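Working notes, beginning with the structure itself.
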Amino acid sequence: MSAPDGLERARQILSGACGGRLKTDFSMAPLTTFRIGGPAALYLEPDSIQDLEAAGRAVAESGVDSLVIGKGSNLLVSDEGFKGLVIRLGRSFRWAARSGDRLTAGGAMPLPALSGVALHHGLTGLGFGVAIPATVGGAVRMNAGAHGGEVSDVAESVEVFLLREGSTAHVPASDAGFSYRRSELNPDSVIVSATFLLRQGEPGEIRQEMDEAREWRRRTQPLAEPNCGSVFKNPPNDHAARLIEASGGKGLAVGGASVSAKHANFIVAGEGATASDVASLIAMVRSLVEAKTDISLEPEVHLVGEFPRAL
(Lines give C-alpha, C1' and ligand atoms only; values in the text may rest on other atoms or scores of the structure.)
Protein backbone atom coordinates (compact mmCIF):
# COMPACT_ATOMS: atom_id res chain seq x y z
CA MET A 1 0.00 0.00 0.00
CA SER A 2 1.46 3.39 -1.00
CA ALA A 3 1.97 6.03 1.67
CA PRO A 4 -1.01 8.20 0.61
CA ASP A 5 -3.22 5.10 0.31
CA GLY A 6 -2.06 3.91 3.72
CA LEU A 7 -2.86 7.24 5.35
CA GLU A 8 -6.29 7.31 3.75
CA ARG A 9 -7.03 3.76 4.93
CA ALA A 10 -5.91 4.64 8.46
CA ARG A 11 -8.03 7.79 8.38
CA GLN A 12 -11.10 5.83 7.34
CA ILE A 13 -10.70 3.29 10.14
CA LEU A 14 -10.05 5.89 12.83
CA SER A 15 -12.70 8.32 11.64
CA GLY A 16 -15.31 5.58 11.75
CA ALA A 17 -14.27 4.36 15.20
CA CYS A 18 -13.23 7.57 16.95
CA GLY A 19 -15.11 10.35 15.21
CA GLY A 20 -13.97 13.85 16.15
CA ARG A 21 -11.11 12.57 18.30
CA LEU A 22 -9.19 12.06 15.06
CA LYS A 23 -7.54 15.14 13.54
CA THR A 24 -5.70 15.48 10.24
CA ASP A 25 -2.72 17.71 9.46
CA PHE A 26 -2.65 18.60 13.15
CA SER A 27 0.09 20.99 14.30
CA MET A 28 2.52 19.29 16.66
CA ALA A 29 4.35 22.46 17.70
CA PRO A 30 1.98 23.18 20.63
CA LEU A 31 2.38 19.56 21.78
CA THR A 32 6.12 19.90 22.38
CA THR A 33 8.07 22.05 24.81
CA PHE A 34 10.22 23.35 21.92
CA ARG A 35 7.01 24.79 20.38
CA ILE A 36 8.31 24.19 16.86
CA GLY A 37 7.84 21.55 14.17
CA GLY A 38 5.37 20.58 11.48
CA PRO A 39 2.04 18.74 11.55
CA ALA A 40 1.05 15.15 12.17
CA ALA A 41 -0.71 13.65 9.16
CA LEU A 42 -3.07 11.91 11.61
CA TYR A 43 -3.51 12.75 15.30
CA LEU A 44 -5.58 10.84 17.84
CA GLU A 45 -6.27 11.34 21.53
CA PRO A 46 -7.67 7.94 22.58
CA ASP A 47 -10.16 8.05 25.43
CA SER A 48 -10.56 4.31 25.88
CA ILE A 49 -9.00 0.94 25.19
CA GLN A 50 -11.50 0.69 22.33
CA ASP A 51 -9.91 3.76 20.74
CA LEU A 52 -6.50 2.13 21.12
CA GLU A 53 -7.84 -1.03 19.51
CA ALA A 54 -8.98 1.09 16.55
CA ALA A 55 -5.54 2.67 16.39
CA GLY A 56 -4.03 -0.80 16.38
CA ARG A 57 -6.27 -1.86 13.49
CA ALA A 58 -5.39 1.29 11.58
CA VAL A 59 -1.66 0.70 11.97
CA ALA A 60 -1.90 -3.00 11.13
CA GLU A 61 -4.11 -2.60 8.05
CA SER A 62 -2.54 0.56 6.60
CA GLY A 63 1.13 0.08 7.42
CA VAL A 64 1.49 3.73 8.51
CA ASP A 65 4.14 4.66 11.04
CA SER A 66 2.95 5.48 14.54
CA LEU A 67 4.33 7.65 17.31
CA VAL A 68 3.18 7.84 20.93
CA ILE A 69 3.84 11.12 22.76
CA GLY A 70 3.23 12.48 26.24
CA LYS A 71 4.16 16.05 27.22
CA GLY A 72 6.56 16.30 24.29
CA SER A 73 9.38 17.44 26.54
CA ASN A 74 12.09 15.38 24.84
CA LEU A 75 10.94 15.65 21.22
CA LEU A 76 12.16 17.64 18.24
CA VAL A 77 9.64 17.38 15.41
CA SER A 78 10.96 18.16 11.94
CA ASP A 79 9.68 21.18 10.05
CA GLU A 80 7.89 18.82 7.65
CA GLY A 81 6.16 17.06 10.53
CA PHE A 82 5.32 13.36 10.91
CA LYS A 83 3.74 11.52 8.00
CA GLY A 84 1.95 8.94 10.11
CA LEU A 85 -0.27 8.55 13.16
CA VAL A 86 0.53 10.40 16.39
CA ILE A 87 -1.15 9.08 19.54
CA ARG A 88 -1.45 11.11 22.73
CA LEU A 89 -3.54 9.57 25.49
CA GLY A 90 -6.71 11.48 26.36
CA ARG A 91 -8.10 12.62 29.69
CA SER A 92 -9.59 9.29 30.67
CA PHE A 93 -6.01 8.03 31.08
CA ARG A 94 -5.21 10.81 33.54
CA TRP A 95 -5.92 9.32 36.96
CA ALA A 96 -4.23 8.01 40.10
CA ALA A 97 -5.22 5.50 42.79
CA ARG A 98 -3.59 4.49 46.07
CA SER A 99 -3.46 1.04 47.66
CA GLY A 100 -1.30 1.01 50.78
CA ASP A 101 2.23 1.99 49.77
CA ARG A 102 1.43 1.66 46.07
CA LEU A 103 0.33 4.34 43.65
CA THR A 104 -1.07 3.38 40.26
CA ALA A 105 -1.56 6.05 37.61
CA GLY A 106 -2.79 6.32 34.06
CA GLY A 107 -0.29 6.96 31.30
CA ALA A 108 -1.50 10.53 30.74
CA MET A 109 -1.09 11.55 34.39
CA PRO A 110 1.55 14.29 34.67
CA LEU A 111 4.48 13.09 36.74
CA PRO A 112 4.60 16.30 38.85
CA ALA A 113 0.91 15.83 39.70
CA LEU A 114 1.57 12.24 40.73
CA SER A 115 4.40 13.44 42.97
CA GLY A 116 1.82 15.70 44.59
CA VAL A 117 -0.54 12.76 45.12
CA ALA A 118 2.28 10.84 46.80
CA LEU A 119 2.93 13.81 49.09
CA HIS A 120 -0.79 14.02 49.98
CA HIS A 121 -0.67 10.41 51.14
CA GLY A 122 2.65 10.77 52.96
CA LEU A 123 4.47 8.49 50.52
CA THR A 124 8.11 9.10 49.62
CA GLY A 125 10.05 8.00 46.56
CA LEU A 126 8.49 10.14 43.81
CA GLY A 127 9.68 13.55 44.96
CA PHE A 128 12.30 13.63 42.17
CA GLY A 129 9.49 13.84 39.61
CA VAL A 130 7.96 17.10 40.81
CA ALA A 131 9.87 19.24 38.30
CA ILE A 132 10.07 16.78 35.38
CA PRO A 133 7.67 17.89 32.59
CA ALA A 134 6.54 14.41 31.58
CA THR A 135 3.51 12.17 31.72
CA VAL A 136 3.72 8.88 33.57
CA GLY A 137 3.86 7.08 30.23
CA GLY A 138 6.71 9.19 28.91
CA ALA A 139 8.59 9.06 32.20
CA VAL A 140 8.39 5.27 32.31
CA ARG A 141 9.36 4.92 28.66
CA MET A 142 12.56 6.95 29.11
CA ASN A 143 13.21 6.06 32.77
CA ALA A 144 13.09 9.74 33.64
CA GLY A 145 15.09 10.90 36.61
CA ALA A 146 16.54 13.85 38.48
CA HIS A 147 17.93 14.80 41.89
CA GLY A 148 19.28 11.33 42.60
CA GLY A 149 16.11 9.39 41.76
CA GLU A 150 14.63 7.77 38.67
CA VAL A 151 11.53 5.86 37.66
CA SER A 152 13.22 2.45 37.85
CA ASP A 153 13.86 3.02 41.58
CA VAL A 154 10.14 2.86 42.37
CA ALA A 155 8.36 1.28 39.36
CA GLU A 156 6.77 -2.07 40.18
CA SER A 157 4.88 -2.86 36.97
CA VAL A 158 3.62 -1.37 33.72
CA GLU A 159 0.46 -2.01 31.71
CA VAL A 160 0.93 -1.57 27.98
CA PHE A 161 -1.31 -1.76 24.94
CA LEU A 162 0.45 -3.49 22.06
CA LEU A 163 -0.72 -1.69 18.94
CA ARG A 164 0.16 -4.33 16.38
CA GLU A 165 -1.17 -7.18 18.50
CA GLY A 166 -4.26 -5.25 19.59
CA SER A 167 -4.01 -6.43 23.18
CA THR A 168 -2.84 -5.34 26.63
CA ALA A 169 0.06 -6.84 28.53
CA HIS A 170 1.35 -6.67 32.10
CA VAL A 171 5.10 -6.03 32.33
CA PRO A 172 6.89 -6.37 35.70
CA ALA A 173 9.48 -3.62 36.16
CA SER A 174 12.17 -6.28 36.24
CA ASP A 175 11.28 -7.13 32.63
CA ALA A 176 11.12 -3.53 31.38
CA GLY A 177 14.86 -3.30 30.66
CA PHE A 178 15.40 -0.05 32.52
CA SER A 179 18.77 1.64 32.15
CA TYR A 180 19.99 5.23 32.08
CA ARG A 181 17.25 7.28 30.42
CA ARG A 182 15.76 4.39 28.52
CA SER A 183 13.74 1.21 28.73
CA GLU A 184 13.31 -1.78 26.47
CA LEU A 185 9.52 -1.66 26.42
CA ASN A 186 8.03 -2.54 23.04
CA PRO A 187 8.41 0.57 20.84
CA ASP A 188 4.98 -0.11 19.30
CA SER A 189 3.29 -0.17 22.70
CA VAL A 190 1.30 2.50 24.54
CA ILE A 191 1.89 2.72 28.29
CA VAL A 192 -1.65 2.92 29.66
CA SER A 193 -0.74 2.76 33.38
CA ALA A 194 2.08 2.08 35.82
CA THR A 195 2.29 1.05 39.47
CA PHE A 196 4.90 2.48 41.83
CA LEU A 197 5.93 0.96 45.14
CA LEU A 198 6.72 3.77 47.56
CA ARG A 199 7.45 4.10 51.30
CA GLN A 200 5.83 5.88 54.21
CA GLY A 201 7.54 9.20 54.86
CA GLU A 202 7.29 12.42 56.80
CA PRO A 203 5.17 14.89 54.77
CA GLY A 204 7.28 17.87 55.87
CA GLU A 205 10.47 16.22 54.64
CA ILE A 206 8.84 15.16 51.37
CA ARG A 207 7.56 18.69 50.77
CA GLN A 208 11.01 20.15 51.48
CA GLU A 209 12.59 17.77 48.98
CA MET A 210 10.07 18.80 46.34
CA ASP A 211 10.49 22.50 47.05
CA GLU A 212 14.25 22.18 46.75
CA ALA A 213 13.90 20.36 43.41
CA ARG A 214 11.63 23.11 42.03
CA GLU A 215 13.94 25.86 43.24
CA TRP A 216 17.03 24.16 41.78
CA ARG A 217 15.33 23.96 38.40
CA ARG A 218 14.22 27.58 38.50
CA ARG A 219 17.75 28.69 39.41
CA THR A 220 19.71 26.61 36.91
CA GLN A 221 17.50 26.02 33.86
CA PRO A 222 15.92 28.29 31.21
CA LEU A 223 12.35 27.37 32.15
CA ALA A 224 10.86 30.52 30.61
CA GLU A 225 12.20 29.76 27.12
CA PRO A 226 11.08 26.98 24.73
CA ASN A 227 13.43 23.99 25.14
CA CYS A 228 13.36 20.21 25.39
CA GLY A 229 15.17 19.78 28.69
CA SER A 230 18.56 18.10 28.60
CA VAL A 231 19.70 17.71 25.00
CA PHE A 232 22.43 15.13 25.71
CA LYS A 233 22.73 12.28 28.18
CA ASN A 234 25.46 12.63 30.78
CA PRO A 235 28.42 10.39 29.94
CA PRO A 236 29.74 8.11 32.71
CA ASN A 237 31.30 10.08 35.58
CA ASP A 238 30.84 13.44 33.87
CA HIS A 239 28.21 15.98 32.86
CA ALA A 240 27.29 16.97 29.33
CA ALA A 241 26.87 20.61 30.37
CA ARG A 242 30.43 20.76 31.74
CA LEU A 243 31.85 19.23 28.58
CA ILE A 244 29.92 21.62 26.33
CA GLU A 245 30.96 24.68 28.32
CA ALA A 246 34.59 23.55 28.54
CA SER A 247 34.60 23.02 24.76
CA GLY A 248 33.37 26.53 24.07
CA GLY A 249 29.83 25.57 23.16
CA LYS A 250 27.98 27.98 25.42
CA GLY A 251 26.44 30.75 23.35
CA LEU A 252 26.65 28.97 20.00
CA ALA A 253 23.68 29.63 17.74
CA VAL A 254 22.18 28.51 14.44
CA GLY A 255 19.36 30.65 13.12
CA GLY A 256 16.91 31.17 15.97
CA ALA A 257 18.29 28.32 18.09
CA SER A 258 21.00 28.87 20.68
CA VAL A 259 22.79 27.07 23.49
CA SER A 260 21.36 28.44 26.72
CA ALA A 261 23.52 30.93 28.63
CA LYS A 262 21.97 29.51 31.81
CA HIS A 263 22.65 25.80 31.22
CA ALA A 264 24.94 24.52 28.45
CA ASN A 265 23.03 21.25 28.00
CA PHE A 266 19.89 23.16 27.03
CA ILE A 267 19.09 24.55 23.60
CA VAL A 268 16.45 27.24 23.43
CA ALA A 269 14.26 28.00 20.45
CA GLY A 270 14.12 31.76 20.02
CA GLU A 271 11.91 33.79 17.72
CA GLY A 272 11.91 32.37 14.20
CA ALA A 273 13.73 29.17 15.17
CA THR A 274 13.09 26.08 13.07
CA ALA A 275 13.55 22.43 13.89
CA SER A 276 16.35 22.34 11.31
CA ASP A 277 18.10 25.13 13.23
CA VAL A 278 17.94 23.09 16.43
CA ALA A 279 19.09 19.88 14.75
CA SER A 280 22.03 21.65 13.13
CA LEU A 281 23.02 23.18 16.45
CA ILE A 282 22.83 19.79 18.19
CA ALA A 283 25.14 18.34 15.55
CA MET A 284 27.50 21.33 15.84
CA VAL A 285 27.74 21.03 19.64
CA ARG A 286 28.27 17.30 19.45
CA SER A 287 31.09 17.69 16.89
CA LEU A 288 32.71 20.43 18.95
CA VAL A 289 32.75 18.35 22.14
CA GLU A 290 34.07 15.30 20.33
CA ALA A 291 36.85 17.32 18.69
CA LYS A 292 37.89 18.84 22.02
CA THR A 293 37.46 15.84 24.33
CA ASP A 294 37.15 12.66 22.20
CA ILE A 295 33.79 12.07 23.93
CA SER A 296 30.79 11.48 21.69
CA LEU A 297 27.71 12.81 23.46
CA GLU A 298 24.55 10.75 23.02
CA PRO A 299 21.41 12.81 22.37
CA GLU A 300 18.62 12.49 24.92
CA VAL A 301 16.18 14.35 22.69
CA HIS A 302 14.30 12.19 20.16
CA LEU A 303 14.08 13.43 16.57
CA VAL A 304 10.75 12.86 14.85
CA GLY A 305 10.34 13.04 11.09
CA GLU A 306 12.97 13.73 8.44
CA PHE A 307 15.98 15.99 8.95
CA PRO A 308 18.67 17.10 6.46
CA ARG A 309 21.40 15.35 8.43
CA ALA A 310 21.56 12.52 10.95
CA LEU A 311 22.85 13.10 14.45
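The set of residues from the range 210-225 being buried (at least 20 other Cβ atoms within 10 Å of the Cβ) and either part of a loop (DSSP other than H, G, I, E, B) or in contact with a Ser or Thr (Cβ under 8 Å, 6 or more places away or on another chain) (or both) comprises just one member, Met210. Looking only at the range 236-257, residues that are at pLDDT 95 or above, in a loop (DSSP other than H, G, I, E, B) and open to solvent by less than 80 Å² (accessible area, probe 1.4 Å) come to 7 in all. Are any of the residues in the range 187-205 free of Cβ contacts under 8 Å to residues at least 24 places away in the same chain, in a loop (DSSP other than H, G, I, E, B) and either surrounded by 17 or more Cβ atoms within 10 Å (Cβ to Cβ) or out of contact with any Asp or Glu (no Cβ under 8 Å at 6 or more places or on another chain) (or both)? Checking the range 187-205: at least one residue is free of Cβ contacts under 8 Å to residues at least 24 places away in the same chain, in a loop (DSSP other than H, G, I, E, B) and either surrounded by 17 or more Cβ atoms within 10 Å (Cβ to Cβ) or out of contact with any Asp or Glu (no Cβ under 8 Å at 6 or more places or on another chain) (or both). Restricting attention to the range 93-112, the residues being free of Cβ contacts under 8 Å to residues at least 24 places away in the same chain and polar (S, T, N, Q) number 1.
Listed here are the residues, each with its yes/no results for (1) in a helix (DSSP H, G or I); (2) at pLDDT 95 or above; (3) surrounded by fewer than 23 Cβ atoms within 10 Å (Cβ to Cβ).
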residue: Gly20; (1), (2), (3): yes, no, yes
residue: Thr24; (1), (2), (3): no, yes, yes
residue: Pro46; (1), (2), (3): no, yes, no
residue: Ser115; (1), (2), (3): yes, yes, no
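Any residue in the range 148-163 that is over 19 Å from Gly70 (Cβ atoms), out of contact with any strand residue (DSSP E or B) (no Cβ under 7 Å at 6 or more places or on another chain), open to solvent by 30 Å² or more (accessible area, probe 1.4 Å) and in contact (Cβ under 8 Å) with a residue 12 or more places away in the chain? Scanning the range 148-163, I find at least one residue that is over 19 Å from Gly70 (Cβ atoms), out of contact with any strand residue (DSSP E or B) (no Cβ under 7 Å at 6 or more places or on another chain), open to solvent by 30 Å² or more (accessible area, probe 1.4 Å) and in contact (Cβ under 8 Å) with a residue 12 or more places away in the chain, so the answer is yes. Please verify whether Gly272 is outside any helix (DSSP H, G or I), at positive phi and under 21 Å from the mean Cα position of the chain (by Cα), treating the condition exactly as stated. Against the criterion (outside any helix (DSSP H, G or I), at positive phi and under 21 Å from the mean Cα position of the chain (by Cα)), Gly272 does not qualify. If a residue must be polar (S, T, N, Q) and either part of a strand (DSSP E or B) or in contact with a Ser or Thr (Cβ under 6 Å, 6 or more places away or on another chain) (or both), how many such residues does the range 75-113 contain? Of the residues in that region, 2 qualify. Candidates Glu184, Glu165: the one that is of a type outside the set (S, T, N, Q), modelled with pLDDT of 95 or more and not in a strand (DSSP E or B) is Glu184.
Here the range 48-68 is the region considered, the condition is being touching a Ser or Thr at 6+ places or on another chain (Cβ under 9 Å) and open to solvent by 10 Å² or more (accessible area, probe 1.4 Å), and the residue that is nearest to Arg21 (Cα to Cα) is Ser48.
The one condition from (1) more than 23 Å from Pro299 (Cα to Cα); (2) open to solvent by 30 Å² or more (accessible area, probe 1.4 Å); (3) free of Cβ contacts under 8 Å to residues at least 24 places away in the same chain that Ala173 does not meet is (2).
Restricting attention to the range 72-113, the residues being on the phi > 0 side of the Ramachandran plot and surrounded by fewer than 20 Cβ atoms within 10 Å (Cβ to Cβ) number 1. Checking each residue in the range 117-126 for being open to solvent by less than 40 Å² (accessible area, probe 1.4 Å) and in a loop (DSSP other than H, G, I, E, B) picks out Gly122, Gly125, Leu126. Looking only at residues of the range 226-235 that are within 25 Å of Glu271 (Cβ to Cβ) and touching a Lys or Arg at 6+ places or on another chain (Cβ under 8 Å), we find that the one that is least open to solvent (accessible area, probe 1.4 Å) is Phe232. Among the numbered conditions (1) out of contact with any Lys or Arg (no Cβ under 8 Å at 6 or more places or on another chain); (2) more than 23 Å from Glu300 (Cα to Cα); (3) in a strand (DSSP E or B), the only one that Glu156 does not meet is (1).
The values are calculated or read from the model by the stated rules, or taken from the named source; none is laboratory data. Every value quoted in this text rests on a predicted model; they were computed, and no experiment measured them. Heads up, the Cβs are rebuilt from the backbone with ideal geometry, glycines too, and the neighbour counts pull from every protein chain shown. Heavy atoms of the whole protein, side chains included, go into the accessibility calculation; ligands, DNA and RNA do not. Shrake-Rupley method; radii C 1.70, N 1.55, O 1.52, S 1.80 Å.
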